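The values are calculated or read from the model by the stated rules, or taken from the named source; none is laboratory data. This structure is a prediction, so every number in the text was calculated from the model and none was measured. All Cβ positions, even for glycine, are placed from backbone atoms using ideal geometry, and neighbour counts span all protein chains on display. Remember, those area values only see protein heavy atoms, side chains included, never the ligands or the DNA or RNA. Shrake-Rupley method; radii C 1.70, N 1.55, O 1.52, S 1.80 Å.
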Amino acid sequence: MITPWFPLCVGAALTCWPAAPNRLQAAIEPPVTVRIPEVWRVVRWLLPAALAGLLAGAGGAIATGVLTLAWSQEQRAHRRATADLAMAAHTATALRTMVAELRSGAHLVTAAEAAADVVPAVAGDLRALATAARLDTELRAPALPYLADAWTLGKRHGLPMADVLDAARRDAEAGLAFARRMRAKLAGPRASAAVLTGLPVLCVLLGQVMGAAPLPVLTGSTPGQVLLVAGCVLLWAGTAWCRALAGRVRIR
């Protein structure tokens, strides 16, 4: 039997249905986007801990979560360092292109547009520079701090823009070369830290193969699970400390 509430609710829903935006609203109001969270990104990090919890109890789940956290932090640090090097290289290339264009007699707007064509990764900030030069306004380019500082300095004090950008280019190239040399020199210590981090896990597996049976002790008793969690926390602290020591040298 259909109650009268169902057609009433359907009628109220149809009455409250939003109307399509007109042409003026579509031109003025920004489009509303609904961002669906990436579920797989969360499940990807929680799945190992859930499986370890089924196999090794609460201690295994916590230990696996700590190790997964350490791994994700290492991956993020590596991606951030690679992105910093890539951005420094883009900055040096953009400055080199603009200096060459300015030395050949081109206008600053033309030089910025030429650099945007050469370096598509920072084309937005370079086109913002072209717009700032065309309108004679301040430049805000968070991705290119060398370029923004040089532009502000030259505009404020009336300096030749080619000389100012050339000085910024030399500074950016020197910083990039230093960062590359430092990263190459730190490759050995980072590899040693990675080996030392994996040694405890390898020793546990080796003991299990030799018949000492450390896994049942670590997963089947309360003191063993406490020791398992404490060991994984110490491994995470070691990776964080090595990352902090190696990450002090960064491109500015």
Exercise. Relative contact order for the stretch 76-165: what is it in percent, counting Cα pairs under 8 Å that are at least 6 residues apart?
Worked result: 23
Exercise. What order do Met98, Met161, Met210 take when sorted by accessible area (1.4 Å probe), most exposed first?
Worked result: Met210, Met161, Met98
Exercise. Given N residues in the stretch 181-239, what is Rg(Cα) / (2.2 N^0.38 Å)?
Worked result: 1.44
Problem set entry | Ratio Rg/Rh [Cα only; Rh per Kirkwood] for the stretch 84-203 | 1.20
Exercise. Could you sort Asp171, Asp166, Asp117 by accessible area so the largest value comes first, with the probe set to 1.4 Å?
Worked result: Asp117, Asp171, Asp166
For this session: Evaluate E = 1/(1 + (r/R0)^6) for Val209 and Ala58, where r is the Cβ-Cβ distance and R0 equals 30 Å; express this FRET efficiency to the nearest 0.05.
Result: 0.70
For this session: Could you tell me the distance between the Cα centroids of the stretch 48-102 and the stretch 184-252, to the nearest Å?
Result: 18
